[in-house]
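Below: the structure, in structure tokens.
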């Protein structure tokens, strides 16, 4: 065998680099993540892009062909808890997670490639508010990065499932849990926490993606060292909630991470006077430092658990004769907000649900809610019927935005609650709510939920399709003029994006409470979704149909038959 001298090896390396292209980092790079929305061959981010539009440019599955869509493989996830996670796909491998496991499957056949399991203390589950769930992960430079219920941030090797690094972000005994998905921004893993109803102090953390080194922490309840600290009295901020349990979005050009902040604690606003920043807000942060650039608060001094964590969709819209870079937010409080991405300026805010009585409207300049007599009666200690309930005009299930139609597609709710404020004392690791509530299910009245198409600038409904039980897993829209969503009774359904007509349905093994994805593999468009009843509504909504849904987690992948792909 002939041995090349050092200069020969170098020359050969240069030739190979020039002929084959420079070597790429293992797995998706930051550039791949930023291009995710425009490269449907892979899905490497939560939201099908850092803009979380949940829109795909694929058209092979469309209004003409969707009727032929059929399952090609199904995988058992060995878990009977709720499945709220979004799968990811990269280089022919499909990744899925449950609260306890991480899986890699051959995307063509469903053959298991590896599995990584987590172990939890049984006592820990008492700290999980709404069932043990996991919502997603991110792929980056050979790593699959996820969060765990006991507050670990974990990086696994994408090829083997081997642990590469793990960090402990918080103690579950304090009431913290992690049920969300990380966001990868400028090389930084940004993660949030659940536990806002357990009397925790919410935060966002930034970690170096390569090593897991903690870079910064942003507290979501402003303390004395924060200019917004004056919006709290005394030490109420230390147990003030402000959870960050749903992932944000990232604008690489502005280098800003946008994240929604949850409700203050306890729910009884009379025991914590002030606006209680940064609860019920969106914050814009620098990903490498955690520096706050701007914030906007939807519901100051929230007393109805309206939260503020819903997805922050990025779009470019013509507003008042100008093209604006905006964030779209369908808030649980029943109003739809349009904010300038660079500054946080409020551009539009409109009611998007039928029934809303906690406010009479929003101040046209500041956007602050104008509390109704009903809300003031609650604050005075009376029991009242409140619209919407604390499930919201829209709950956590992520909406999608189709830039071709200009519409936002969401799972909406029309549900009220009996509501009365109570007294409560904070105890470590225990619920800290200080309110009594019960949902009001209408007898023989309108359905509780809808699939809705909303004009983001007016909040007006273009079309709606009623569903009862209400869907809550989120939507996916495509350039094939389709909107997909899952039902808690188990069906994955497809509707026409322009008029809402139902075009296709397939029943899976359990209820669907997570968002579907679509991607292209070997020249064919696929759709994938996880199935498994559980989560908030299955636990707390007394709906007779939900008791009939079988349990069990699975993953189903669909595509058109070869003859129907044209």
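Quick one: Cα centre-to-centre distance for the range 447-494 and the range 512-549, in angstrom?
13
Using the alpha-carbon centroid of each, what span in Å lies between the range 150-174 and the range 66-129?
17
Please list, in order, the residues from the range 129-150 whose amide nitrogen is less than 14 Å from a point placed 7 Å along the Cα→Cβ vector of residue 91.
Flagged as within label range: 139-144.
Sorted by average packing, counted as other Cβ atoms within 10 angstrom per residue and highest first, what order do 387-400, 294-307, 435-448 take?
Ranked by mean Cβ neighbours within 10 Å, highest first: 387-400, 294-307, 435-448.
Taking the number of other C-beta atoms within 10 Å as the exposure measure, put 291, 520 in order starting with the fewest.
Neighbour counts put them in this order, fewest first: 291, 520.
Using a Förster distance of 41 angstrom, determine the FRET efficiency expected from the C-beta separation of residue 539 and residue 322, and round it to 0.05.
Step by step, r from the Cβ atoms, then E = 0.35.
Residue 215 to residue 425: extension gain in nm, 0.36 nm per residue of separation minus the Cα-Cα distance?
Separation in residues times 0.36 nm, less the Cα-Cα distance, equals 72.2 nm.
Work out, step by step, the length gained on full extension between residue 438 and residue 111: first 0.36 nm times the residue separation, then minus their alpha carbon distance; give nm to one decimal.
113.2 nm
Using r as the Cβ-Cβ distance of residue 173 and residue 271, and R0 as 25 Å, what FRET efficiency do you calculate, to the nearest 0.05?
0.55
Determine, for 420, 162, the number of other Cβ atoms within 10 Å of each Cβ, and report the residues in order from fewest to most.
Final ranking by Cβ density, sparse to dense: 162, 420.
Could you calculate the contour length gain from residue 76 to residue 368, that is, 0.36 nm times the residue separation minus the distance between their Cα atoms, to one decimal place in nm?
In short, 100.4 nm is gained.
Could you tell me the relative contact order of the chain? Use alpha-carbon pairs under 8 Å, at least six residues apart, and round to a whole percent.
Value for the chain: 15 percent.
Which FRET efficiency, nearest 0.05, do residue 225 and residue 345 yield, Cβ-Cβ r, R0 25 Å?
0.40
Calculate the spin-label point distance for residue 166 paired with residue 376, positioning each point 7 Å from the Cα along the beta-carbon direction, and give it in nanometres.
In this crude label model, residue 376 to residue 166 measures out at 5.5 nm.
If packing is taken as the mean number of other Cβ atoms within 10 Å per residue, what is the order of 185-195, 128-138, highest first?
Highest-to-lowest ranking by the protection proxy: 185-195, 128-138.
Which order do the peptides 174-183, 402-411 take when ranked by the mean count of other beta-carbon atoms within 10 Å per residue, highest first?
Highest mean packing first, the order is 174-183, 402-411.
What does a probe at residue 546 reach in the range 190-206, counting residues whose amide N is under 20 Å from the point 7 Å along Cα→Cβ?
Residues 195-198 fall inside that zone.
Calculate how steeply helix 6-20 sits against the longest principal axis of the alpha-carbon atoms of the chain, using the helix alpha-carbon long axis, and give the answer as 0 to 90 degrees to the nearest 10.
Once rounded, the angle reads 60 degrees.
Can you show me the helix-derived [θ] at 222 nm for the chain, built from DSSP H runs with n ≥ 4 at -39,500 (n - 2.57) apiece and divided by the number of residues, rounded to the nearest 500.
Mean residue ellipticity at 222 nm (helix-derived): -1500 deg cm²/dmol.
How do 121, 84, 414 line up, fewest other C-beta atoms within 10 Å first?
121, 414, 84
Over the range 68-148, what is the relative contact order in percent, taking alpha-carbon pairs closer than 8 angstrom and at least six residues apart?
This gives 28 percent for the range 68-148.
Any read-out appearing in this document is the output of simple, stated calculations on the displayed coordinates, not a laboratory observation. On a predicted model such as this, the values are computed, not experimentally measured, just so you know. When we count neighbours, we look across all protein chains shown, and the Cβ atoms used for this are built from the backbone with ideal geometry, even at glycine.
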